[in-house]
Amino acid sequence: MTALLQHIIDALSVGSTYALLALGLTLAFSIMNLINFGYGILLVWGAYGLLGLTEAGLPFGVAVILSVVGVTLLTMIIGRVAFRPFIGAPPITLLITSFAVLQIVQYAAIVAWGEKPRIINYPPAFTDVLHIGALRVPLLEIITIGTAAVVVLVYFVILNRTPLGSKVRAAAELPDMTRLVGIRPGTVQMTVFAISGAIAGVVGVLWFAKSGAITPRSDLEPTLKAFIAIVLGGLGNTRGALLGGFALGALEVLMSVTLPESVLGYEPAIVFAIVIAILILRPSGIAGAKVNPA
Amino acid sequence: MTEELLNVEAIEAGYGDTRVLHGVDLHLSEGEAIAVLGANGAGKSTLMMTIAGIVPSRAGRVSYGGEEITATPAEERVGLGIALVPEGRQIFGSLTIEENLKIGAACLKHRIGATAARKQVDEGIERAFTRFPVLGKRPNDSGSALSGGQQQMLAISRALMSSPKLLLMDEPCMGLSPKLGNEVYDILKALRSEGQSMVIVEESSRRALDFVDRACVLKVGRKVLEAEAAELADDENLLSAYFGIDQAVEQQ
Ligand SMILES: Nc1ncnc2c1ncn2[C@@H]1O[C@H](COP(=O)(O)OP(=O)(O)OP(=O)(O)O)[C@@H](O)[C@H]1O
Ligand SMILES: [Mg+2]
């Protein structure tokens, strides 16, 4: 019983980060058809920002806020400079652009921070373990789940309860009609880059608390996980993305618990096999719905 | 001499490699209403979308209120006073009725400032709900929950939220029962009596001729006829000659 509870908390915590990543990515897709392979590198830059700021002696909380703001701005700048000129082009053009962006931003990280793995000095709250009876819960898992809940809540409030949010929903549904009522596509696009960037910033803080060392190439894993979650959930659909993220988290925990040691190394292959199987059975993902950012 | 409101000159437009409009002229004075008639695929919607700025014009010019707007993007034209009620209504299904109305006034903040805009939005919503009580009864229902007739009422109301000088109506009765179609026309007539300038697109409707000043006929992207509405209404032969088969079908 305790073991089960433990696994559920693990799965929720792992799933939370995947779900948030999938949320940020799928929003950009639902508005701009942007499949962004440069999403993970934003987390990396956020983490380097956090590293630099804490090493400079800033209090951890302040450093977190500044790094999230920094990633948000970086995402908006990339969006404005690199992606906006290609919006409306076929999705493949944007996808290739995102590879180019990834290269540039990644090399910038190599130049700025070197390739040697670096470690952020997280405060004890991120490393302590809570003992509840026989249950051992890392505080980081609770922070992760709690943060994800808040981010998702804020996301839905912004999208469903603010004028800016209704513009974003309108643009995802009927882009031409949205222009016809006088809404500039640029406004909507920048809003989306900001939201998507802020999510990447938040996830970056959590991600490297769990995974430890940062290198300029640490972006691959979060990007891959986000894409698997999105594919599972159905591209462009928020609820699906969240569901896909948690499903992937559960799947990973399930495998780590049930698979024998000798097979564990093949975990990624098994995950991809399952993804392919699901896509064959349900081509539009497990949620199986159409594009819907809220 | 009345003020010129809209002047479309020798406009050419299309999609990708297909050219749809081959040099179309359209002139409208302030307070006037004109019907654009034509068969399926004649290019009527394309013409409306070109005037509204969604479909770019490849040649020719569009001016509005004396200013050239050929290169003005769609999102700025509504701020100038051009509002389109598009074919198929294009209601935002994921937005509520009230949000659909509010978004129709999105250009106001920029044009008249936030405070004045908020006031005008409230007034606009009230006017819409007075005009269409059925919408006011359930302002928080999503647009996708509405029937075709209700969506058309909402689409008209949404367009009116920006207090347009020029209202473009693309086949407002499409998919509606004759009874609902008549209701839509009653509303349009009421707007006309308030002096609303209007371009109305219909495939081949007598109803439109009743309340517009002039009408023109598009045929495969060219204007083949333009006359006073009364003249056309009197001369059925002239009209059916241009409509050919469509009109014949309607008369059966
Ligand atoms: N988005 C589009 N992409 C490509 N071709 C289009 C597009 N929209 C319309 N067309 C083509 O342009 C031509 C004119 O279409 P348009 O919709 O303007 O005609 P219409 O007069 O409004 O017809 P209807 O009475 O059916 O509404 C048609 O041949 C149509 O197939
Ligand atoms: Mg049409």
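The values are calculated or read from the model by the stated rules, or taken from the named source; none is laboratory data. Nothing here was measured: the structure is a model prediction, and the numbers come from that model. Counting neighbours? That spans all protein chains shown, and the Cβs are built from the backbone with ideal geometry, glycine included. We work out accessible area using only protein heavy atoms, side chains counted, and drop any ligands, DNA or RNA first. Shrake-Rupley method; radii C 1.70, N 1.55, O 1.52, S 1.80 Å.
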(request) Just subtract the alpha-carbon distance of A:V257 and A:T2 from 0.36 nm times their residue separation and send over the number in nm, one decimal. (result) 90.4 nm
(message) Once you order the gyration tensor axes a ≥ b ≥ c over the Cα atoms, which shape class does the protein assembly as shown get: rounded for a/c under 1.5, otherwise prolate or oblate by comparing a/b with b/c?
(response) prolate
(message) Report the number of Lys pairs in segment B:54-191 whose alpha-carbons are under 24 Å apart, with separation of 8 or more residues or on distinct chains.
(response) 10
(request) At a probe radius of 1.4 Å, figure out the A/B buried accessible area, summed over both chains, and give it in Å² to the nearest 100. (result) 1800
(request) Would you tell me the accessible area of A:V188, worked out with a 1.4 angstrom probe on the heavy atoms of the protein chains, in Å² to the nearest 10? (result) 10
(request) Mind pulling the per residue volume of the convex hull built on the Cα atoms of segment B:4-250? Å³ is fine. (result) 123
(request) At 7 Å along the Cα-to-beta-carbon direction for both B:R206 and B:M174, put a label point, then send me their distance in nm to one decimal. (result) 2.4
(message) With a 1.4 Å probe and all protein chains kept in place, how do B:I91, A:I280 rank by accessible area, largest first?
(response) A:I280, B:I91
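Which value, in debye to the nearest 20, describes the size of the charge dipole of segment A:2-217 about its Cα centre when Lys and Arg Cβ atoms bear +1, Asp and Glu Cβ atoms bear -1, and nothing else is charged?
On the way: 12 positive and 7 negative charges, 89 e Å.
My answer is approximately 420 debye.
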(message) At a threshold of 8 angstrom on Cα-Cα distance, excluding pairs fewer than six apart, so keeping six or more, what relative contact order does chain B reach in percent?
(response) 26
(message) Please compute the per residue accessible area over the protein assembly as shown with all protein chains in place, 1.4 Å probe, rounded to a whole number of Å².
(response) 44
(request) Let me know the mean shielding of B:74-84 by other chains, meaning the per-residue number of their Cβ atoms within 10 Å of its Cβ. (result) 4
(message) Just to be sure I understand the model, the point goes 7 Å from the Cα along the line to the Cβ. What's the resulting A:T215 to A:E55 distance in nm?
(response) 1.7
(request) Please name whichever of B:S162, B:L5, A:T238 sits farthest to the positive end of the charge dipole of the protein assembly as shown, dipole taken about the Cα centre and charges placed at Cβ: Lys and Arg +1, Asp and Glu -1. (result) A:T238
(request) May I ask you to rank B:E228, B:E4 by accessible area, largest first, using a 1.4 Å probe over the protein chains only? (result) B:E228, B:E4
(request) Find out how many positive minus negative residues lie around B:R89, taking Lys and Arg as positive, Asp and Glu as negative, among other residues whose Cβ is under 12 Å from that of B:R89. (result) -2
(request) Leaving ligands, DNA and RNA out of it, rank B:M174, A:M32 by accessible area with a 1.4 Å probe, largest first. (result) B:M174, A:M32
(message) If the only charges are +1 at each Lys and Arg Cβ and -1 at each Asp and Glu Cβ, what is the size of the charge dipole of segment A:181-275 around the Cα centre, to the nearest 20 debye?
(response) 380
(message) Please give the Cα centre distance for segment A:188-224 versus segment A:52-103, rounded to the nearest Å.
(response) 9
(message) Excluding same-chain pairs closer than 8 in sequence, count the lysine pairs in chain A whose Cα atoms lie under 28 Å apart.
(response) 5
(request) Quick one: accessible surface of A:V68, probe radius 1.4 Å, all protein chains present, in square angstrom to the nearest 10. (result) 30
(message) Need one value for B:154-167: mean number of C-beta atoms belonging to other chains within 10 Å of its residues' C-beta atoms.
(response) 1
(request) Over segment A:2-217, with every protein chain in place, what whole percent of the accessible area is carbon and sulfur at 1.4 Å, could you tell me? (result) 72
